[in-house]
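First the structure, in the form of structure tokens, and then the observations on it.
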Amino acid sequence: MTLVRDLLAQKGNAIWTISCQASIKDALRLMAEKKIGALVVTDVGYVVGVFSERDYARKAISFHDFSVEMTVDQLMTRRVLYCIPEESVDECMAIMTQRNIRHLPVMDEGILVGMISIGDVVKTTLSEMDNRIKDLEDYLWVHMI
Amino acid sequence: MANVQDILNSKGQNVYAVSLDDSIESALKLMAEKGIGAVVVMNGKTISGIFSERDFARKTLTIDGFNLNLPVQNVMSTPVFFVHPDQTMEDCMALMTDKRIRHIPVMEEGKLTGVISIRDVIKWLIADRSFEIQELERFVSSKPHVGLV
């Protein structure tokens, strides 16, 4: 069973954050640069939200005079769902599906230690799936002869 | 292993599409309305591209004079990677991971019959994978002379 902790060990624990007062333009630029789909939003060191591609796509059209100079806190999601390193990747899959989200910040005793995405989950499950089923099949094969 | 058609049978074969000259704003509105992350872009009956939330986020900064009234043609992605209905969900996972995409149109004899999203993949994984491994384990442990450590 793969845990979040294992996933972070594989992918790294880089977290990219942005200030709630930064512009949407700066947020998009950082996401493009780091090739990611979401940023944790902070206000003087405290986590205050998450800003994702979905927030941008859904909310840009709700403003009459939308501009990329608007601040992140105007479009971010304030309720931050997170996971802990001891949680299983399977549990995270369930959270992502139920809550319709693609990113989960990882908190360890109140400290932000990483971020996992739906892409990370699929990638790790794909390799795990192949190994596990292949092992079992080899086992069956060996003992059936 | 479930194939793409099985998933389309349970989720429905709705395909949401826009035309090349529809505005970015109208595409985003359709996506919001349907709760989806990408739309297929059509030129008459032919697929021309795909427009996703990622395209919107990335190309906002790279297109000169970007605004929501621009035609979606200016920001869509090409080429469009697709799968056939008889391919497996594992094929979809591999394609999504390799190409870093979250939506794959399904084509049958040149006709667009549905779209598989990364969310469909996760839902299927939750439902199916544990079942498959459980079945194998149950089979193995039912043999008296064979046991799993």
Tabulated pairs, the range B:47-60, first over 15 Å from B:P71 (Cα atoms), second among the β-branched types (V, I, T) and open to solvent by less than 40 Å² (accessible area, probe 1.4 Å), C-beta under 8 angstrom, 6+ apart or interchain
B:I47/B:V40; B:I47/B:V41; B:I47/B:V80
Which residue is nearest to A:K35 (Cα to Cα), if the candidates are limited to the range B:56-85 and must be open to solvent by less than 40 Å² (accessible area, probe 1.4 Å) and aliphatic (A, V, I, L, M)?
B:A57
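Given B:R54, B:R119, B:R129, which one is touching a helix residue (DSSP H, G or I) at 6+ places or on another chain (Cβ under 9 Å), outside any strand (DSSP E or B), facing another protein chain (nearest Cβ under 10 Å) and modelled with pLDDT under 95?
B:R129 is the lone residue from the list that is touching a helix residue (DSSP H, G or I) at 6+ places or on another chain (Cβ under 9 Å), outside any strand (DSSP E or B), facing another protein chain (nearest Cβ under 10 Å) and modelled with pLDDT under 95.
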Tell me which of these A:V40 doesn't satisfy, since it passes every other one: (1) open to solvent by less than 30 Å² (accessible area, probe 1.4 Å); (2) part of a loop (DSSP other than H, G, I, E, B).
(2)
Check the range A:75-87 and report whether any residue there is at the interface with chain B (Cβ under 10 Å from one of its Cβ atoms), over 26 Å from A:M129 (Cβ atoms) and surrounded by fewer than 16 Cβ atoms within 10 Å (Cβ to Cβ).
no
Among the residues that make up the range B:92-106, is at least one of them at pLDDT below 95, open to solvent by 40 Å² or more (accessible area, probe 1.4 Å), of a type in the set (D, E) and more than 20 Å from A:G119 (Cβ to Cβ)?
no
Take the range B:17-47 and flag every residue that is within 13 Å of the chain's Cα centre (by Cα) and within 14 Å of another protein chain (Cβ to nearest Cβ).
B:I36, B:G37, B:A38, B:V39
Given the options A:I118, A:I133, name the one that is within 9 Å of chain B (Cβ to nearest Cβ), open to solvent by less than 40 Å² (accessible area, probe 1.4 Å) and at pLDDT below 95.
A:I133
Pairs with Cβ under 8 Å, 6+ apart, first in the range B:22-34 and free of Cβ contacts under 8 Å to residues at least 40 places away in the same chain, second aromatic (F, W, Y):
B:L30/B:Y16; B:M31/B:Y16; B:K34/B:Y16
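The values are calculated or read from the model by the stated rules, or taken from the named source; none is laboratory data. Remember, predicted model here, so these are calculated numbers, not experimental data. Cβ atoms come from the backbone with ideal geometry, glycine included; neighbour counts cover every protein chain shown. Ligands, DNA and RNA are excluded from the accessible area calculation, which covers all protein heavy atoms including side chains. Shrake-Rupley method; radii C 1.70, N 1.55, O 1.52, S 1.80 Å.
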